[in-house]
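The values are calculated or read from the model by the stated rules, or taken from the named source; none is laboratory data. Keep in mind it's a predicted model, so treat the numbers as computed, not measured. Glycine gets a Cβ as well: all are built from the backbone with ideal geometry, and neighbour counts include every protein chain shown. Note: accessible area is taken over every heavy atom of the protein model, side chains too, but ligands, DNA and RNA are not part of it. Shrake-Rupley method; radii C 1.70, N 1.55, O 1.52, S 1.80 Å.
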Amino acid sequence: MGGLPVMSPMNLEQIYSRLWDCLAAAVREDKHPFKVMQAATIGLDGSPNVRTILLRSASETDNLLTFHTDLRSPKVAELSREPRIALVGVDTVRNLQVRVSGETRILRDGQVRADAWWSSPDHGLLAYRTRLPPGTPISHAEDALDKTHDAPGPDEGFKHFCVVELRPARLDWLDLSATDRSCRALYVRQNDAWVSSWIAP
Ligand SMILES: Cc1cc2nc3c(=O)[nH]c(=O)nc-3n(C[C@H](O)[C@H](O)[C@H](O)COP(=O)(O)O)c2cc1C
């Protein structure tokens, strides 16, 4: 008898562990498919808004994910008004999708934010040091670079930097890797515990 060994399907608990393992790996590995996620918010005019973010921390124990952004960016205004967010990540090689949604909190000061700044490459990024807030209309692409001021020092970006914390309330795992048995698992947070179930893919 030849052929590939038949893998027994994972149960809901195993999928839950794998989901968080994937998120943790994405934090560590720049090339991990879930490192780059899409984050959807509700725009100030009520329309949906989505953009790319990098996953910066993931803790199953604390039920917490974080990403970094510029305090001046429109998403911060949106989350300040409506703190709910939805993230989606995709692994196009393994045919996996993870969706996470929940409430956010914006850390504008404090030690967690300072530690995040100094331990990430962000403090070297020009993006946080620009004079123009993200989204400001400009006539030419080069106008984004600040020519009217002396180049601000690296620490200058810190005042624009914030950490967005997300406490997941819903996790949705879709595995389309096996053509004959795709599976989708849902985890809903209720009273500080996860209630898991299968749902149709
Ligand atoms: C690969 C990639 C990674 C990005 N990571 C982030 C990020 O971690 N945080 C962030 O604020 N913007 C990030 N951006 C830029 C955003 O997608 C977006 O253009 C910017 O934050 C403005 O979004 P807003 O106008 O919705 O606030 C990234 C863009 C790309 C292409």
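Of everything in the range 70-105 that is in contact with a Leu (Cβ under 6 Å, 6 or more places away or on another chain) and open to solvent by 30 Å² or more (accessible area, probe 1.4 Å), the residue that is farthest from ILE15 (Cα to Cα) is ASN95. Screening PRO83 on (1) without any contact (Cβ under 8 Å) to a residue 24 or more places away in the chain; (2) touching a strand residue (DSSP E or B) at 6+ places or on another chain (Cβ under 7 Å); (3) farther than 25 Å from ARG189 by Cβ shows it passes everything except condition (3). Considering every residue within the range 89-107, establish whether at least one is at pLDDT 95 or above, charged (D, E, K, R), closer than 16 Å to VAL163 by Cα and touching a Phe, Trp or Tyr at 6+ places or on another chain (Cβ under 8 Å). No, there is no match, as no residue in the range 89-107 is at pLDDT 95 or above, charged (D, E, K, R), closer than 16 Å to VAL163 by Cα and touching a Phe, Trp or Tyr at 6+ places or on another chain (Cβ under 8 Å). Listed here are the strands (runs of 3 or more DSSP E) enclosed by the range 37-76 that have at least 1 residues being near the ligand (Cβ under 8 Å from one of its atoms) and of a type outside the set (Ser, Thr, Tyr): 48-54, 64-70.
Among the conditions (1) touching a residue at least 60 places away in the same chain (Cβ under 8 Å); (2) assigned to a helix (DSSP H, G or I), the only one that GLN14 does not satisfy is (1). Among the conditions (1) closer than 25 Å to CYS183 by Cβ; (2) near the ligand (Cβ under 9 Å from one of its atoms), ALA127 misses just one, which is (1). Inside the range 50-69, residues that are open to solvent by 60 Å² or more (accessible area, probe 1.4 Å) and more than 11 Å from the chain's Cα centre (by Cα) make up a count of 4.
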